[in-house]
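*Asks:* One structure, as structure tokens, below. Some questions next.
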Amino acid sequence: MDFTIKTMAEYAAEGKAPEVLFFVGCAGSFDDRAKKITKAFCKILHKVGVEFAVLGQEESCNGDPAKRAGNEFIFQMMALTNIEIMNAYEVKRIVTSCPHCFNIIKNEYPGLGGKYEVMHHTQFLKKLMEEGRLKIEGGSFKGKKITFHDPCYLGRGNDEYEAPRMLLEKLDAELVEMKRCKSNGLCCGAGGAQMFKEPEKGNKDINIERTEEALAETPNIIATGCPFCNTMMTDGVKHFNKNTEVAVKDIVELLAEAEDL
């Protein structure tokens, strides 16, 4: 990228504080596919002039996979490490591109002493759009058909359905809903730490079932708002040999494309 992303430590050394801390998360830091989502989001923030920082090497896993797999002790160790660091920097507002990070920092960290304003990246971008700081012109998507897969921890977990759809509607594409969507949406199959294990024996994997529902709408693009969902839907599209016809992309990637970033 043609700009430098500063860390909280660098801001602190200057005696300043950024507008928002971007909590990148494990997927956005280490998974090659999810790194593209991280970069797209940073490019948008940089373009609209948001002063943001990351923790960099001071950031550790939010603890969600450990907690969902049943290891509360490991979760609390991970969470308390992050909380101690973020409180030392007097962090007030956090934005994350992963609903798992969003959900656990918003709902589980306060009980351990980590009280912050936490937003998913779609909520933050919607706010920037409403403030007039972010303008989206999606002419390049005219004539395209997009279907959005609701992440569990954003939708049913935190009742956020409007923000991602409002952003997608700005792209001038045709937004089509799957039969199971919003509060009736179906999990991609990666939640509850299932991302990190092989599925149990059964007739059909959940991500295959969900991809079938998406492909039934004959979309050009399956939009996601979660790196785990992105992986599972991409694998599903490949399973049906549709990866040359149907793209799976995070909402911020679509917005970055629309803005030629």
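*Asks:* THR147: over 30 Å from ALA9 (Cβ atoms), open to solvent by less than 20 Å² (accessible area, probe 1.4 Å) and at pLDDT 95 or above, yes or no?
*Replies:* Yes.
*Asks:* Taking the condition more than 30 Å from MET178 (Cβ to Cβ) and in contact with a strand residue (DSSP E or B) (Cβ under 6 Å, 6 or more places away or on another chain), does VAL91 pass?
*Replies:* Details: more than 30 Å from MET178 (Cβ to Cβ): yes; in contact with a strand residue (DSSP E or B) (Cβ under 6 Å, 6 or more places away or on another chain): yes.
Considered against the rule, which asks whether it is more than 30 Å from MET178 (Cβ to Cβ) and in contact with a strand residue (DSSP E or B) (Cβ under 6 Å, 6 or more places away or on another chain), VAL91 comes out as yes.
*Asks:* Being within 20 Å of the chain's Cα centre (by Cα), at pLDDT 95 or above, of a type in the set (S, T, N, Q) and outside the structural domain of GLU72 (by the TED database): is that true of ASN230 here?
*Replies:* Details: within 20 Å of the chain's Cα centre (by Cα): yes; at pLDDT 95 or above: yes; of a type in the set (S, T, N, Q): yes; outside the structural domain of GLU72 (by the TED database): yes.
Against the criterion (within 20 Å of the chain's Cα centre (by Cα), at pLDDT 95 or above, of a type in the set (S, T, N, Q) and outside the structural domain of GLU72 (by the TED database)), ASN230 qualifies.
*Asks:* Suppose the filter is within 20 Å of the chain's Cα centre (by Cα) and part of a loop (DSSP other than H, G, I, E, B); does SER29 pass it? Steps first, please.
*Replies:* Details: within 20 Å of the chain's Cα centre (by Cα): yes; part of a loop (DSSP other than H, G, I, E, B): no.
Judged against the criteria, SER29 is not a match.
*Asks:* Conditions first: (1) modelled with pLDDT under 90; (2) over 30 Å from GLU72 (Cβ atoms). MET195 passes all but one, so which condition is the exception?
*Replies:* The one condition MET195 does not meet is (2).
*Asks:* Ok, one more. Any residue at all in the stretch 81-93 that is of a type outside the set (Val, Ile, Thr) and under 26 Å from GLU257 (Cβ atoms)?
*Replies:* no
So that you can scan it fast, the table gives a plain yes or no per residue for (1) open to solvent by less than 60 Å² (accessible area, probe 1.4 Å); (2) acidic (Asp, Glu); (3) touching a Ser or Thr at 6+ places or on another chain (Cβ under 6 Å):
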{"position": "ALA13", "(1), (2), (3)": "no, no, no"}
{"position": "LYS36", "(1), (2), (3)": "no, no, no"}
{"position": "LEU45", "(1), (2), (3)": "yes, no, no"}
{"position": "GLU58", "(1), (2), (3)": "no, yes, no"}
{"position": "ASN62", "(1), (2), (3)": "yes, no, no"}
{"position": "PHE73", "(1), (2), (3)": "no, no, no"}
{"position": "SER97", "(1), (2), (3)": "yes, no, no"}
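*Asks:* Out of the residues in the stretch 1-26 that are assigned to a helix (DSSP H, G or I) and within 16 Å of the chain's Cα centre (by Cα), state the one that is farthest from GLY132 (Cα to Cα).
*Replies:* Let us first name the residues in the stretch 1-26 that are assigned to a helix (DSSP H, G or I), namely 8-13, 25-26.
After this cut, where a residue has to be within 16 Å of the chain's Cα centre (by Cα) as well, the list is 25-26.
Values: GLY25: 28, CYS26: 31 Å.
Out of the qualifying residues, it is CYS26.
*Asks:* Still on this structure, I have one more. Given the stretch 167-261, what strands (runs of 3 or more DSSP E) lie entirely inside it while holding 1 or more residues that are open to solvent by less than 20 Å² (accessible area, probe 1.4 Å) and touching a Phe, Trp or Tyr at 6+ places or on another chain (Cβ under 6 Å)?
*Replies:* Details: elements: 174-176, 221-224, 247-250.
The strands (runs of 3 or more DSSP E) meeting that bar are 221-224.
*Asks:* What about GLU108, is it of a type in the set (Asp, Glu) and over 20 Å from the mean Cα position of the chain (by Cα)? Outline the logic, then answer.
*Replies:* On the way: of a type in the set (Asp, Glu): yes; over 20 Å from the mean Cα position of the chain (by Cα): no.
No, not satisfied.
The values are calculated or read from the model by the stated rules, or taken from the named source; none is laboratory data. In this text the structure is predicted, and so the values were computed from the model without any measurement. As a convention, Cβ positions derive from the backbone with ideal geometry for all residues, glycine included, and neighbour counts pool all protein chains shown. Calculation scope for accessible area: heavy atoms of the full protein, side chains included, ligands and nucleic acids excluded. Shrake-Rupley method; radii C 1.70, N 1.55, O 1.52, S 1.80 Å.
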